[in-house]
Amino acid sequence: MPSGGSNQAEASSSLRRRFSWLRAREQLIQSLLFCCSFLSILTTLSIIYVLVTESLIAIPPNTAFFQEVGLKEFFTETRWTPQYDVAQRHYGILPLVCGTMLITGISAVIGLPMGLLIAIYLSEYASPKSRRWVKPALEILAGVPTVVYGYFALRFLTPMVIIPFFHDWLGLTVLGKNALSGGIVVGLMIIPMVASLSEDVLRSVPNSLRESGYALGSTKFDVSAKIVVPAALSGIFASFLLALSRSIGETMAVAIASAGFPNLTLNPLTQIQTMTAFIVDVTQGEVVSGSTLEKSLYAVALVLFVTTMMMNLISQWVLARYREVYQ
Amino acid sequence: MALVKRFTQFVEPPSGGGAGGASNGQQTNSIPKIETRGMSFFYGTKQALYDINLQIQSRAVTALIGPSGCGKSTYLRSLNRMNDIIEGTRVTGEVLLDGEDIYSRDVDVVSLRKRVGMVFQKSTPFPKSIFDNIAFGPRITGLTKKSELQNIVERCLKQSALWNEVKDRLKDSAMALSGGQQQRLCIARALATNPEVLLMDEPASALDPASTARIEDLIFELKQNYTIVIVTHNMQQAARISEVTAFFCVGRLVEIGQTKQLFTNPTQKETEDYITGRFG
């Protein structure tokens, strides 16, 4: 770097800052890197801006969703029929929230224990050889497009497993689109996430704790269940929250496998509507620009955004506190 | 560093050490608690210990000294099969506990470790309450009765001279204790499973002098009832607390003898060089 060299020679005589290409390049790189990170913040901010102006406070002469529909109706009304004729139009988000909760609940029952058990296996029991097999297999599971999961639920899970069991054997009414099939595949989808996040957390428990456990005459199960998992509990909790926020936000699989009419129900064998699937549903049809229906999309999206953001924030806070303990 | 002479002052039995002196005399005749015969140890293909023949006397402190990497910790950890956790390790020869080979096929490692407890260099309290830390060992053996657990916790904390400091806050997290208290907690936890032998891997090397002195007092108390094997880098410590000292160097047992004898009149040149600070 010739310019740098000459600059160095000059600098030896004076410490005053002068223009140099070397420093200019450093500053250019720094501002470039800053711009890149700022871009992602900008994206988040503009999303918040759009959501807020469309749903909460609009710039006149436009009106926002909540200026047309009362907050009370939105949160207490039990029907969600924004696509119907004016007379039968209702904007109560409860059925969508209920549908989302149902999917999230089913996926949690399937995904969280499975993910945690896999994490315990990988971190405490697996030999390096079996880790080499299991980890890539999990990554494949994580890499399957969600549309494929949706079709797997609709074309395989419902007709081959759910209907034979619940309808043919137990005699219950099962719809072709049902919350159970969607919930199960979302549960499968979050397994890799729970497993890999929890495994990191379990592995960060210091080995000295395990050795102390063994030295007291613990079996491998004692050490895993009574020392390692309790020591990592807050981290595991954080990984659960992150996985659940993924469940809440999951769209395609649910839209294909479970979504239909927004029933306010906890029956997993009937069709439901989730917040995300509703957005897909409406954007696929024709929406009049500026209509309340269009604005309702933003209101639903805002609820979704706030919910998942809260969960992510809480889990990050918990993870940060957890890391302090073992640093 | 110091001359041989300097160590002799530490070897004099501490006040009230008359009993210790008497037991010294008996040990040579009694049956060893632990005996290793022709024992070698391998990490994969790398040999860490060569043909160790060593007897550890009951109800006495045996100190293992030697330069870093000499195999003394490996030897200590092989006495309760802690090295089993490390993959690819292998032992040949015999390690006998009360005459029984602990590496024989039908030995239950879990019950072995209940008889041979261990305290590590770094204190390792579980992130649980003080009570739950001590009660951990008894609980995994199936003891659930609250009153019995309370008795054990109190006994062990008294034995490890921690009771007066923590008796009012047994429910508090053990992580909040000071470094020296944590180490005494770990000793109390190890005592709770009623071991016969206590292995200590540099138990005081991370502690300040005051805490170290407390741990040493504690070891002195404990040897009335337990067989103690301690690895230490601190030769004064070895001289102060042990009856027998074994000197390891590059995977071999160079010399073993009565502590006083070994420090004042070592038979091997290597031992003398090490204890006078000429190497290591």
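The values are calculated or read from the model by the stated rules, or taken from the named source; none is laboratory data. Just so you know, these numbers come straight off a predicted model, no measurement behind them. Here the Cβ positions follow ideal geometry from the backbone for every residue, glycine too, while neighbour counts run over all protein chains shown.
Scanning the stretch B:120-142 for residues that are closer than 16 Å to B:THR193 by Cβ, outside any loop (DSSP other than H, G, I, E, B) and more than 10 Å from chain A (Cβ to nearest Cβ) gives B:PHE131, B:ILE134, B:ALA135. Scanning the stretch B:258-270 turns up no residue that is among the hydrophobic types (A, V, I, L, M, F, W, C), under 16 Å from the mean Cα position of the chain (by Cα) and modelled with pLDDT of 90 or more.
Residues that are basic (Lys, Arg) and surrounded by 14 or more Cβ atoms within 10 Å (Cβ to Cβ) were ranked within the stretch A:80-135; the one that is modelled with the lowest pLDDT is A:ARG89. Of the residues making up the stretch A:216-257, those that are within 14 Å of another protein chain (Cβ to nearest Cβ), within 32 Å of the chain's Cα centre (by Cα) and among the small types (Gly, Ala, Ser) are A:SER224, A:ALA225, A:ALA231, A:ALA232, A:SER234, A:GLY235. Residues of the stretch A:214-254 that are in contact with a Lys or Arg (Cβ under 7 Å, 6 or more places away or on another chain), more than 17 Å from A:SER315 (Cα to Cα) and hydroxyl-bearing (Ser, Thr, Tyr): A:TYR214 alone.
Residue by residue, here is whether (1) farther than 30 Å from A:ARG210 by Cβ; (2) free of Cβ contacts under 8 Å to residues at least 24 places away in the same chain holds:
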site: A:SER55; (1), (2): yes, no
site: A:PRO82; (1), (2): yes, no
site: A:CYS98; (1), (2): yes, no
site: A:GLU124; (1), (2): no, no
site: A:SER127; (1), (2): no, yes
site: A:LEU141; (1), (2): no, no
site: A:PRO159; (1), (2): yes, yes
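Could you figure out which of (1) within 14 Å of chain B (Cβ to nearest Cβ); (2) within 30 Å of A:THR81 (Cα to Cα); (3) small (Gly, Ala, Ser) isn't true of A:GLY213? Among (1) within 14 Å of chain B (Cβ to nearest Cβ); (2) within 30 Å of A:THR81 (Cα to Cα); (3) small (Gly, Ala, Ser), A:GLY213 violates only (2).
To keep it simple, each residue is scored yes or no on (1) within 12 Å of another protein chain (Cβ to nearest Cβ); (2) within 16 Å of B:PRO195 (Cα to Cα).
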position	(1), (2)
B:LEU76	yes, yes
B:ASP84	yes, no
B:GLU87	yes, no
B:VAL91	no, no
B:VAL95	no, no
B:TYR103	no, no
B:VAL107	no, no
B:SER111	yes, yes
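Taken across the stretch B:215-233, residues that are touching an Asp or Glu at 6+ places or on another chain (Cβ under 9 Å), hydrophobic (A, V, I, L, M, F, W, C), buried (at least 22 other Cβ atoms within 10 Å of the Cβ) and in a loop (DSSP other than H, G, I, E, B) do not occur at all. Filtered by the rule that a residue be more than 13 Å from chain A (Cβ to nearest Cβ), over 22 Å from B:GLU221 (Cβ atoms) and touching a residue at least 24 places away in the same chain (Cβ under 8 Å), the stretch B:143-193 gives B:ARG169, B:LYS171, B:ASP172. Looking only at residues of the stretch A:83-127 that are in contact with a strand residue (DSSP E or B) (Cβ under 9 Å, 6 or more places away or on another chain) and assigned to a helix (DSSP H, G or I), we find that the one that is nearest to A:GLY70 (Cα to Cα) is A:LEU94.
Here is a yes/no grid of residues against (1) in contact with a Gly (Cβ under 8 Å, 6 or more places away or on another chain); (2) without any contact (Cβ under 8 Å) to a residue 60 or more places away in the chain:
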{"site": "A:LEU175", "(1), (2)": "yes, no"}
{"site": "A:LEU188", "(1), (2)": "yes, no"}
{"site": "A:GLU211", "(1), (2)": "no, yes"}
{"site": "A:ALA215", "(1), (2)": "yes, yes"}
{"site": "A:ALA232", "(1), (2)": "no, no"}
{"site": "A:MET252", "(1), (2)": "yes, no"}
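Which residue out of B:GLY66, B:GLY117 is in contact with a helix residue (DSSP H, G or I) (Cβ under 9 Å, 6 or more places away or on another chain), small (Gly, Ala, Ser), in contact (Cβ under 8 Å) with a residue 60 or more places away in the chain and more than 14 Å from chain A (Cβ to nearest Cβ)? Answer to the selection: B:GLY66.
Residues of the stretch A:110-134 that are of a type in the set (D, E, K, R) and out of contact with any Ser or Thr (no Cβ under 8 Å at 6 or more places or on another chain): A:LYS129, A:ARG131, A:ARG132.
For A:ALA142, the stated conditions do not hold, so it cannot be described as within 14 Å of chain B (Cβ to nearest Cβ) and of a type in the set (A, V, I, L, M, F, W, C). Quick check on the stretch B:175-190. Is at least one of its residues under 30 Å from B:ILE102 (Cβ atoms), over 16 Å from the mean Cα position of the chain (by Cα) and at pLDDT 90 or above? Looking for residues that are under 30 Å from B:ILE102 (Cβ atoms), over 16 Å from the mean Cα position of the chain (by Cα) and at pLDDT 90 or above, one finds at least one in the stretch B:175-190, hence yes.
Being small (Gly, Ala, Ser), outside any helix (DSSP H, G or I) and surrounded by 15 or more Cβ atoms within 10 Å (Cβ to Cβ) is a description that applies to A:ALA58. Among the residues of the stretch A:61-78, the ones that are of a type outside the set (A, V, I, L, M), part of a loop (DSSP other than H, G, I, E, B) and out of contact with any strand residue (DSSP E or B) (no Cβ under 7 Å at 6 or more places or on another chain) come to 5 in all. Within the stretch B:156-189, if we keep just the residues that are more than 15 Å from B:VAL119 (Cα to Cα) and in contact with a strand residue (DSSP E or B) (Cβ under 8 Å, 6 or more places away or on another chain), the residue that is surrounded by the fewest Cβ atoms within 10 Å (Cβ to Cβ) turns out to be B:LYS171.
Filtering the stretch A:278-327 to residues that are polar (S, T, N, Q) and under 19 Å from the mean Cα position of the chain (by Cα) leaves A:THR307, A:THR308, A:ASN312, A:SER315, A:GLN316. Among the residues of the stretch A:188-244, those that are polar (S, T, N, Q) and surrounded by fewer than 22 Cβ atoms within 10 Å (Cβ to Cβ) comprise A:SER196, A:SER204, A:ASN207, A:SER208, A:THR219, A:SER224, A:SER234. Taking the conditions (1) at positive phi; (2) surrounded by 22 or more Cβ atoms within 10 Å (Cβ to Cβ) in turn, A:GLY171 satisfies each one other than (2). Residue by residue through the stretch B:90-143, note down the ones that are among the β-branched types (Val, Ile, Thr) and farther than 30 Å from B:ASP208 by Cβ. Within the stretch B:90-143, B:VAL91, B:THR92, B:VAL95, B:ILE102, B:VAL107, B:VAL109, B:VAL110, B:ILE140, B:THR141 meet the criteria. All conditions in (1) modelled with pLDDT of 90 or more; (2) more than 22 Å from A:TYR49 (Cβ to Cβ); (3) surrounded by 17 or more Cβ atoms within 10 Å (Cβ to Cβ) hold for A:ASN267, with the sole exception of (3).
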